[in-house]
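These notes concern the structure reproduced below.
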Amino acid sequence: MTSTDKKVGNLPEGKHEPLTRETAAAGVESVLKMLEGRWKLVILFHLFGGQVMRFSELERAIPGISQKMLIQQLRQMEDDGIVRRIVYPQVPPKVEYLLTEWGQSLCPVLDALLNWAAARPEQEQGETSGDQLGA
């Protein structure tokens, strides 16, 4: 069995740069880049809760995704340390995907983001995002 867990590690204690507005913004931007892609969030939600899924199960669970795109998105998430890929040396080949512990820790983060979006205040009549700038 081959595994790709622990590719991404945390910085050692004391090696973190002081947090400024610029470094905070850059950090959030890099995280959002890890999650960008049409299918990554859908894949994440299928794997949350400790789900272990074979490639073909993921492909069936996500209508409209091509094999090429699923492979590409899974590889990117694997490289980022979000997804773990397990290859079983058998014929026919068996490959399973699951979230790493770090990937699983995204669940409450995304849940908080959904709650934040749901709490959006109602817009006043005629108000748009740019109307109030300079008022």
Q.
Multiplying the sequence separation of ARG120 and VAL28 by 0.36 nm and subtracting their Cα-Cα distance, what value in nm do you get?
A. 31.1 nm
Q | Net charge, LEU74 excluded, C-beta distance under 10 Å - Lys, Arg +1, Asp, Glu -1 | A | +1
Q: Would you please give the FRET efficiency between LEU110 and GLN76, computed as 1/(1 + (r/R0)^6) with r the Cβ-Cβ distance and R0 = 22 Å, to the nearest 0.05?
A: 0.80
Q. Arranged from highest to lowest average of other beta-carbon atoms within 10 Å per residue, in what order do the peptides 110-118, 49-57 appear?
A. 49-57, 110-118
Q) Sorted by mean Cβ packing within 10 Å, highest first, what order do the peptides 103-109, 72-78 take? A) 72-78, 103-109
(Q) When 1/r is averaged over all different Cα pairs and the result inverted, which Kirkwood radius in Å belongs to segment 43-102? (A) 11.8 Å
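Coordinate-derived values only; no laboratory data. Not measured: the values here are computed from a predicted model. Note that each Cβ is placed from the backbone with ideal geometry, even for glycine, and that neighbours are counted across all protein chains shown.
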